[in-house]
Amino acid sequence: MKWFDTDTFREILDSILRNRSRSFLTGFGVFWGIFMLMLLIGGGQGLKQILNNEFEGFAQNTCIVFAGNTTKPYKGFKKGRSWNMEYADVDRIKNLIPEVETVTPSVSLWGKSVARGETVSSSAVVKGNRADYARIETPQMRYGRYINDADIAQERKVCVIGKKVYNELFPEGGDPCGQRIKVDGAYYSVVGVDWKEAGGININGSASETVTIPISLARKAYNMGNTVHMICFTAKEGIVMNDILPRVRKVIARAHYIHPEDEQAMFLLNTQLIFGIVDNLFNGVNFLIWLIGLGTLLAGVIGVSNIMMVSVKERTTEIGIRRAIGATPRQILGQIIVESTVLTLVSGMSGIVFSVLILYVVELGMTTDGILKAPFQVPFGTAVLAASLLTLLGVVAGLMPASRAMQIKPVDAMRDE
Amino acid sequence: MALIELNDINKTYNNGQPLHVLKGINLQIERGEFVSIMGASGSGKSTLLNILGILDNYDTGTYHLDGKLIKDLSEKQAADYRNRMIGFIFQSFNLIGFKTAVENVELPLYYQGVPRKKRQQLAMEYLEKMGLTPWANHFPNEMSGGQKQRVAIARALITQPRIILADEPTGALDSKTSVEVMQLLKQLNKEDNITIIVVTHEGGVANETDKIIHIKDGIIGKIEENFSHAAWQGSAMK
């Protein structure tokens with residue numbers, strides 16, 4: 001006899017529906033378990049994505065070097081000396097540390113106001129960058145292009161403006177490329193608009209309120225000589241940033257007569273470390289999610305097993321009658337196990353469906369202008385995994401009650417009156 | 001060979017103190033007989049019925065049903081024999097409460113793997129035979145005791161078994177319906193030549209059968225031929 005013909009199914013449906021409220025309450029345990037698990041998985045993943053969005057556009061293996069004041073006397077210099085990095089440091093890093101991929105200098109000028117005709121923006125940051133800065137912090141060009149190598153070489157008076165600056169200076173919208181804006185008495189042609197939002201990592205001011213000009217131009221326009229405010233570099237694929245940082249420190253320290261052990265004379269901001277922390281955090285969160293979710297699910301399944309046990313006890317007479325009129329123990333076993341599996345699976349599936357629905361609504365809420373901020377939906381594979389897990393748990397839940405049912409002898413039907 | 005042949009059947013229950021219930025039962029029942037087994041409670045008649053119905057094992061001796069030795073069967077085999085060779089009628093009807101009359105009747109066929117349509121059709125035929133066609137889709141708790149017992153009889157008959165075993169079939173019925181049920185069994189025996197064994201402690205019920213086997217303290221006492229149905233002079237069944 002087959003286990004999965006319509007008759008078997010009807011039998012099972014019958015016995016599940018006979019105790020509607022009990023089946024419902026039992027199933028609810030499983031439903032809630034899987035619902036929580038799916039919701040937490042989806043939510044955790046979405047939150048992680050949101051957090052990652054904050055760092056979006058940043059090369060994950062970036063390090064940024066700032067100069068600080070020395071805290072140790074060295075080679076005749078007193079402590080507390082302020083110093084600046086210079087263009088030569090870029091070459092030093094590039095030449096002496098082969099693990100480094102891109103090295104780029106940057107200068108920043110704070111509290112500038114930018115004007116276009118009569119319109120004046122709120123405070124903005126003027127940054128001088130090279131074209132390869134784009135490999136450190138990827139710009140999201142809405143209009144035009146980023147600063148390029150020709151801009152640098154020819155010291156062109158061009159600029160890329162951030163989203164906020166654009167919104168303030170060009171409230172009417174449209175492509176601003178070719179238009180001129182004024183910063184500190186000098187005019188620059190807009191060549192691009194960087195739509196990058198202010199995120200979790202802002203290097204020397206948020207990208208949205210930045211006016212980026214060629215670094216060669218900034219150097220001359222603001223009389224900065226050799227001074228570089230920060231040097232950003234990325235490590236080559238597979239290099240652990242922390243392994244090369246001491247050497248970077250040494251190379252720069254030696255050139256500027258800084259004590260080799262003077263940690264505070266130079267700030268090294270290692271994004272790999274930050275990403276690592278976030279990753280670790282979410283690994284921990286994930287662990288908790290699975291622990292709680294599986295725990296709840298397990299409690300639900302144990303509930304199913306328990307109720308099936310009660311149900312078998314209640315149906316002693318019925319099972320006895322079935323045995324007396326010719327049901328084999330195997331058929332009884334099959335019925336109980338399939339019953340428990342169906343109960344688990346149906347409530348579990350509705351849990352999955354319900355959580356998918358809730359996550360869909362969350363995603364709707366997180367969507368602005370048709371662009372989804374972060375995917376909250378559980379991956380299809382996870383859902384399939386959960387469904388097969390449910391099947392397995394349903395069978396396991398049915399095992400004990402089924403073995404109890406198999407011990408019922410047909411004589412019990414007549415004895416139990 | 002007779003339809004049922006019991007040879008020196010012994011059965012001892014070992015619940016704490018060993019209890020020797022059947023002490024060497026020898027019995028032959030031919031095809032088409034209408035027999036009752038009578039005895040007081042504790043006489044061993046229920047145990048004998050359980051053994052006849054392959055619901056219980058015996059310790060020594062042999063039991064042949066329709067030429068097959070029924071001994072140390074696997075659960076699966078026992079279930080199969082019960083399903084195909086034996087129809088049960090119980091004192092408390094033992095219908096499944098959440099199934100309608102027709103579903104109850106077709107249940108044995110379900111375990112034989114008979115397709116649904118065929119099953120239903122056969123079940124309806126047997127219900128018609130029992131005069132229960134209008135009640136086919138009623139649940140047991142909507143029926144009277146007599147109707148329930150007739151559903152149970154239909155269920156026992158549907159697999160066309162070799163024997164019908166009835167355990168106190170009138171025990172839960174009033175005297176009027178008891179008569180009806182016994183008449184029905186009698187009619188089945190006469191017209192369809194079905195072998196029926198009734199276990200009872202009521203003389204009136206036993207009197208309706210053609211042969212009365214008295215059992216006492218685990219051994220068979222006298223066997224009365226009762227074709228005149230005059231063995232018992234009470235009034236309950238008359």
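The values are calculated or read from the model by the stated rules, or taken from the named source; none is laboratory data. All values derive from a computational prediction rather than experimental measurement. Glycine gets a Cβ as well: all are built from the backbone with ideal geometry, and neighbour counts include every protein chain shown.
See the values below:
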read-out	value
Qualifying residue in region A:359-371 (condition: touching a residue at least 12 places away in the same chain (Cβ under 8 Å) and in contact with a Ser or Thr (Cβ under 7 Å, 6 or more places away or on another chain))	no
Residues being in a strand (DSSP E or B) and under 21 Å from B:LEU185 (Cα atoms) - total across region B:1-48	8
Pick from region B:212-228, criterion in a loop (DSSP other than H, G, I, E, B) and touching a Ser or Thr at 6+ places or on another chain (Cβ under 8 Å), ranking: modelled with the lowest pLDDT	B:ASN226
Test result for A:ALA324, closer than 30 Å to A:THR8 by Cα and in contact with a strand residue (DSSP E or B) (Cβ under 6 Å, 6 or more places away or on another chain)	yes
Residue under evaluation A:MET266, criteria (1) under 16 Å from A:GLU101 (Cβ atoms); (2) touching a helix residue (DSSP H, G or I) at 6+ places or on another chain (Cβ under 9 Å), criterion not met	(1)
Considering residues of region A:302-321 that are within 15 Å of A:THR341 (Cβ to Cβ) and among the polar types (S, T, N, Q) only, the residue farthest from the other protein chains (Cβ to nearest Cβ)	A:SER305
Criterion: β-branched (Val, Ile, Thr), more than 24 Å from B:GLN149 (Cβ to Cβ), more than 9 Å from chain A (Cβ to nearest Cβ) and crowded, with 19+ Cβ neighbours inside 10 Å - qualifying residue of B:ILE70, B:ILE51, B:ILE89	B:ILE70
Residues being among the small types (Gly, Ala, Ser) and within 14 Å of another protein chain (Cβ to nearest Cβ) - total across region B:159-201	3
Neighbours by Cβ (under 6 Å, 6+ apart or cross-chain): first from region A:277-306, touching a residue at least 12 places away in the same chain (Cβ under 8 Å); second of a type in the set (Lys, Arg) and surrounded by fewer than 19 Cβ atoms within 10 Å (Cβ to Cβ)	A:PHE282/A:LYS48
Check on A:PHE267, surrounded by fewer than 16 Cβ atoms within 10 Å (Cβ to Cβ), touching a Phe, Trp or Tyr at 6+ places or on another chain (Cβ under 6 Å), in contact (Cβ under 8 Å) with a residue 12 or more places away in the chain and not basic (Lys, Arg)	yes
Residue among B:GLY39, B:GLY113 that is more than 14 Å from chain A (Cβ to nearest Cβ) and either farther than 14 Å from A:VAL411 by Cα or without any contact (Cβ under 8 Å) to a residue 60 or more places away in the chain (or both)	B:GLY39
Among (1) β-branched (Val, Ile, Thr); (2) closer than 16 Å to A:ILE34 by Cβ; (3) touching a helix residue (DSSP H, G or I) at 6+ places or on another chain (Cβ under 9 Å), the one test that A:VAL353 misses	(3)
Selected residue (only one of A:SER21, A:SER113, A:SER82 is within 30 Å of A:HIS256 (Cβ to Cβ), over 29 Å from the mean Cα position of the chain (by Cα) and not hydrophobic (A, V, I, L, M, F, W, C))	A:SER82
A:GLY348, sole failed condition from (1) of a type in the set (Gly, Ala, Ser); (2) free of Cβ contacts under 8 Å to residues at least 24 places away in the same chain; (3) more than 14 Å from every other protein chain (Cβ to nearest Cβ)	(2)
Options A:ALA374, A:ALA299, A:ALA324; residue that is within 14 Å of another protein chain (Cβ to nearest Cβ) and touching a helix residue (DSSP H, G or I) at 6+ places or on another chain (Cβ under 7 Å)	A:ALA324
Residue count for region B:104-120, restricted to those that are surrounded by fewer than 19 Cβ atoms within 10 Å (Cβ to Cβ), under 26 Å from A:PRO329 (Cβ atoms) and at pLDDT 90 or above	1
Only listed residue being away from chain A (no Cβ under 14 Å), under 20 Å from the mean Cα position of the chain (by Cα) and crowded, with 18+ Cβ neighbours inside 10 Å, chosen from B:ALA156, B:ALA79, B:ALA123, B:ALA101	B:ALA101
Filtered residue count, region A:359-405, keeping only those that are within 30 Å of A:MET308 (Cα to Cα) and more than 19 Å from the chain's Cα centre (by Cα)	23
Those helices (runs of 4 or more DSSP H) lying entirely in region A:1-116 with at least 3 residues within 14 Å of another protein chain (Cβ to nearest Cβ), farther than 30 Å from A:LYS127 by Cβ and not charged (D, E, K, R)	A:6-18
